[in-house]
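Inspection log for the structure reproduced underneath, given as structure tokens.
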């Protein structure tokens, strides 16, 4: 549909243009001519119409086009594809019939509804699925993805078929409030707990230290088993290291059991926690849990030396010790004689330089121990410049100035999270020596100085290499301000901790001067999780390179082998091996730099997930709440056939017609020019034929 709209032009121009066309035609054909009266009137009408349209084009009104776009209501079906649906199904439940009944809804609703089907476990996928093999359930994530995918569309109804059990993500009822439509829930599973013993949860630290005791907390549960005894045991490499008998005193029994174990062997240790099955137990899949603890020989030690007390010292110590692999000792420079420097993997010199103490200067010159210099108002700039070659400061006085941190995008030695980079860029300023700064050619800058609103090239946090020794330089003091401001604004100190911890990890990573390192992102990966492995290669000058290809072979305990080629990322390597079957893997990586061959080996584990077996009783109360708060209804699987009628009777589910208005100049209408040309051509032809031209 279209119509004329005049805007600032008066609508009275239409009759005026019509009068102009009629007047022009009358003047042209008013005299007696050698034409019949009717023929003359027809030619006059053609001329009047042509002049009218030309005059209208000159007035140039707007043409309004209105388009009506009907959108059928969307009916979204989200089906739980997790393994708990089939594991704890009630008597008479048929999974194939469930899928068939849900699929028939599209046919029952007909062409008036747009029905789209999905299934979910941890992630949302297209279509229905009868596999029921999902290892994790995240109902909130499925609802969130559906809401994002169909935002601003006509969602008429959402059908959610699940048992209400979730082991990932947030509470689904809060996410369901964001979907502005009726939600019809299909209550799968059985709310009546069957006879079952299970391990509900295991809490433990993934790292322990050789010779130390560590604690594992195990939540044991028993349903419909009053009077039975839970036989709980823990084995390491097949050898029992703990056992306990627990009496079940109620039909719904739960108990948190603390278990103390000893880390007596170095490396990745595997512990099997199990409960002996009882007669007529529903499922034994949830009776066993496997955990892995990385037993370290000893923590890496970090020494922080300073001349006088400063709040930054505490901030540095707290941040580094967020990583359990590091132990921090702080000491006054005057107490240096009582410290064995060789025991430390990193020395942090806070506002002092190696030249300020002879023992420190001697040790650093004779070793490759990494050093981190932190400069401030107490620093002797001349002594600092002489001690290292990464950053040089030209300062004519002892004045300081406030400088803000500006993260550098090109830094690739290690990665800070995007959230930390954003936080650091708005944290309060540090105090840096007033003067000009220069850096060596091979230095890498993570943070630059921003003075006021001016971004400078001066380094705030820079890294370099001195004949194989890694060096860091922070040219400002006041880290305590960062910690306080971050906690006040964000409720945590994650960015400050991450920056300092990552810096220490980078500096100490090459403390053993190992030329070729291959290490997984984690020693233990969950089933279905992508296995990520990193690699680093250093040349003779201990500079990071990634020119040669790096190959790796992974071999499982079952004897299956996988071969991969690393991808280059930044100055290092990374491999995404995808998902691997459950098991323990040994890996061997090789590369060649010139004539030198390098090899590295290690192990990783892909552990099975049994989260779906930790809850056996369905949570229909959650489904009832979601349905009620949205104006929908909860139904058992046997009543899926009633859904079509319920949706048809819901007055809120209807086709929505969207009106799209479009305005354009009348001169843009091409057919109008064709009409004018056709009328003029017809008039000319008729006059020519009658000899009037």
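The values are calculated or read from the model by the stated rules, or taken from the named source; none is laboratory data. All values reported here derive from a predicted model rather than from experimental measurement. Neighbour counts are summed over all protein chains in view; Cβ atoms, including those assigned to glycine, are modelled from backbone coordinates with ideal geometry.
Worth a mention:
- Exclusive hit being crowded, with 19+ Cβ neighbours inside 10 Å, in contact (Cβ under 8 Å) with a residue 40 or more places away in the chain and over 27 Å from residue 374 (Cα atoms), set 473, 504, 524: 524
- Checking region 435-443 against the condition returns no match, with no residue being assigned to a helix (DSSP H, G or I) and surrounded by 16 or more Cβ atoms within 10 Å (Cβ to Cβ).
- Of the residues in region 183-202, not one is without any contact (Cβ under 8 Å) to a residue 60 or more places away in the chain and within 30 Å of residue 623 (Cα to Cα).
- Answer residue from region 402-434, given it is modelled with pLDDT of 90 or more and surrounded by fewer than 14 Cβ atoms within 10 Å (Cβ to Cβ) and is nearest to the chain's Cα centre (by Cα) among those: 422
- Candidates in region 377-397 are the residues that are surrounded by fewer than 20 Cβ atoms within 10 Å (Cβ to Cβ), out of contact with any helix residue (DSSP H, G or I) (no Cβ under 8 Å at 6 or more places or on another chain) and in contact (Cβ under 8 Å) with a residue 24 or more places away in the chain; of these, the one that is nearest to residue 436 (Cα to Cα) is 394.
- Looking only at region 336-358, residues that are in a helix (DSSP H, G or I) and under 19 Å from residue 507 (Cβ atoms) come to 4 in all.
- Counting only strands (runs of 3 or more DSSP E) that sit wholly inside region 580-693, not one has at least 2 residues that are at pLDDT 90 or above and closer than 30 Å to residue 99 by Cβ.
- Residue list for region 545-573, restricted to those being assigned to a strand (DSSP E or B) and either more than 29 Å from the chain's Cα centre (by Cα) or surrounded by fewer than 16 Cβ atoms within 10 Å (Cβ to Cβ) (or both): 545, 551, 553, 555, 556, 561, 563, 565, 567, 568, 569
- Residue list for region 284-314, restricted to those being in contact with a helix residue (DSSP H, G or I) (Cβ under 6 Å, 6 or more places away or on another chain) and part of a loop (DSSP other than H, G, I, E, B): 307
- Residue in region 327-335 that is modelled with pLDDT under 90, surrounded by fewer than 21 Cβ atoms within 10 Å (Cβ to Cβ) and part of a loop (DSSP other than H, G, I, E, B) present: no
- Region 104-118, residues that are farther than 14 Å from residue 78 by Cβ and within 32 Å of the chain's Cα centre (by Cα): 114
- Scanning region 80-113 for residues that are surrounded by 18 or more Cβ atoms within 10 Å (Cβ to Cβ) and within 28 Å of residue 649 (Cα to Cα) yields 80, 98, 99, 101, 102, 105, 109, 113.
- Looking across region 400-414, the residues that are touching a residue at least 60 places away in the same chain (Cβ under 8 Å) and within 24 Å of residue 569 (Cβ to Cβ) come down to 412, 413, 414.
- Taking the numbered list (1) in contact (Cβ under 8 Å) with a residue 60 or more places away in the chain; (2) within 19 Å of residue 157 (Cβ to Cβ) in turn, residue 686 passes all entries but (2).
- Filter result for residue 140 (in the same structural domain as residue 623 (by TED's automatic domain parsing) and in contact with a helix residue (DSSP H, G or I) (Cβ under 6 Å, 6 or more places away or on another chain)): yes
- Test result for residue 427, in contact with a strand residue (DSSP E or B) (Cβ under 8 Å, 6 or more places away or on another chain), in contact (Cβ under 8 Å) with a residue 24 or more places away in the chain, assigned by TED's automatic domain parsing to the domain that holds residue 496 and within 18 Å of residue 570 (Cα to Cα): no
- Yes/no for residue 158 being crowded, with 19+ Cβ neighbours inside 10 Å, in contact with a helix residue (DSSP H, G or I) (Cβ under 6 Å, 6 or more places away or on another chain) and in contact (Cβ under 8 Å) with a residue 60 or more places away in the chain: no
- Taken as a whole, the structure leaves residue 492 outside the set of residues that are in contact with a strand residue (DSSP E or B) (Cβ under 7 Å, 6 or more places away or on another chain) and assigned to a loop (DSSP other than H, G, I, E, B).
- Within region 220-278, the set of residues being assigned to a loop (DSSP other than H, G, I, E, B) and in contact with a helix residue (DSSP H, G or I) (Cβ under 7 Å, 6 or more places away or on another chain) comprises 277 only.
- Region 296-317: number of residues that are modelled with pLDDT of 85 or more and within 31 Å of the chain's Cα centre (by Cα): 3
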